[in-house]
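> The structure follows.
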Amino acid sequence: HMHRTGNMVVRPMAPWLLLAGSLMAALLVSTEGFAKGKVSLRAPLATVPVSRGSSRSVACAVAGKDSSSRGGLRLLEWAGKGGFLPQPLLVKTAKTGWREAWKVLMSELAPQSKDGDYVRPSYGFRGKIGSAQHPATPGRYHLYTGNACPWCQRVLLVKAIRGISDKSLAHTVLIDDPTKASRGGWAFGDSPDRKDPVFGVRDLREVYEACNPGYSGRCTAPLMVDKETKTVVCNESEDLVRMLNEVELRDSLEFDVDLYPPALRSEIDEANEWIYRQLNNGVYRCGFATTQEGYDRAISDVTEAMDRLERILGESRFVVGDKVTEADVRLLPTIARFDAVYHSFFKCTTRRVESLPNVKGWLRDMYTIPGVKDTLDIGAAANSYYSNLFPLNPGGIVARVPSAEDMGLLSDPKRGSLETSAMFHDRATTR
């Protein structure tokens, strides 16, 4: 996703810390009997004490009563018997080693402030379609996006809502696989629709390199390139959202959707600011925090924002009034991923969309818009988060997440008319 660094530079001690922390942490166990050194790691699990002063039968699919199962190096057993290293020191060393190695990996994955807060980097390409360098010519530009990335989805949402076809603005969906990418995580797949049609390269780094020889910065998506000049136009989602609302790349001119009408711009800008700070970036600040204080600040923002949304959407159909605006577009990717990914994976545990009827109704309302549901495969997105953000999930186990059908997103919430004129501002009447 956009939070990935371009090049991972690990400090000299990091591999040793990681090795020590990983080894020792793997030896620690959570049951009381193991933690106190009272139970042999090779003892049958049927008699393992599981609570103070009691024991009960434990069915374990991994070991059961199989005496041949292994228990690591049995360091805790030796420590508990007065071995070469006292257990308290062993535990403290393992926790410290693992924590310090984890912090190094996290700082490489997600830049941190001195207080342990995630700090989102800025982006270097902020050109504009409609300028002298990049005229508004349908078919001239190509957009690179990734399914898992919420910043990519907001761009695809504008493309879908405004009716910009692939003929006018083609786009390629990248795969999120760091094992196939030479920098970052975005690469091209083997199927025809996942190959690079512009430069014929293997990953997004090579696209940046083709447009800017010698480029050494972060290789992020979304990315828009000018196929005629072979240059990068823009890689900032905020600019791309605004740009695609303003320039004329549509095939049909029947209804000109305006997501940023002049009369509402101050309200939209205000909503965008707190939605970005407290939610869009707030969920990442929760997930990437490396101190308790940093997490506490972030989760407070997320909680406050979700409650504020519930109040607003109880009074109006959309975030700024009764028609869809840019504020709704920028909010949707976060809310669509919230229960399936951010609630558990990023520890945004104080609220759920499912328990906020107005927010859930708004999300279902947005999903009735033609093309919106095709901008996100939530199952594949969750797989990407759980599989590729290694420091947050070293084991790589992917949680089972609810589908759009499970979340009830594919039915009309009856919040208002689904007619285009009822849901959107028409540029003919706003300018």
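> Note down the magnitude of the dipole of the range 239-382 about its Cα centre, charges +1 on Lys and Arg C-beta and -1 on Asp and Glu C-beta and zero elsewhere, to the nearest 20 debye.
620 debye
> Right, another one. Find out how many positive minus negative residues lie around R202, taking Lys and Arg as positive, Asp and Glu as negative, among other residues whose Cβ is under 10 Å from that of R202.
0
> Once you order the gyration tensor axes a ≥ b ≥ c over the Cα atoms, which shape class does the range 344-409 get: rounded for a/c under 1.5, otherwise prolate or oblate by comparing a/b with b/c?
oblate
> Using a cut-off of 15 Å between alpha-carbon atoms, which aspartates and glutamates can reach K114, once sequence neighbours fewer than 8 places away in the same chain are excluded?
The reachable aspartates and glutamates, counting only those whose Cα sits under 15 Å from K114, are E100, E293.
> Sticking with this one: Could you please state how large a percent of the accessible area of the range 196-322 is carbon and sulfur, counting protein chains only and using a 1.4 Å probe?
Here it works out to 46 percent.
> Distance in nm between label sites at T179 and I397, each 7 Å beyond Cα in the beta-carbon direction?
Here the answer is 2.0 nm between the modelled labels.
> Of the listed pairs K167/K195; K167/K323; K159/K227; K159/K347, which have alpha-carbon separations greater than 22 Å here?
From K167/K195; K167/K323; K159/K227; K159/K347, over 22 Å: K167/K323; K159/K347.
> Run the dipole for the range 282-332 about the Cα centre, Lys and Arg Cβ at +1, Asp and Glu Cβ at -1, nothing else charged, and hand back the magnitude in debye, nearest 20.
140 debye
The values are calculated or read from the model by the stated rules, or taken from the named source; none is laboratory data. Owing to the predicted nature of the structure, the values given are computational and were not obtained by experimental measurement. Every residue, glycine as well, gets a Cβ built from its backbone with ideal geometry; the counts of neighbours run over all protein chains shown. Please note that ligands, DNA and RNA were not included when accessible areas were found on the heavy atoms of the full protein model with its side chains. Shrake-Rupley method; radii C 1.70, N 1.55, O 1.52, S 1.80 Å.
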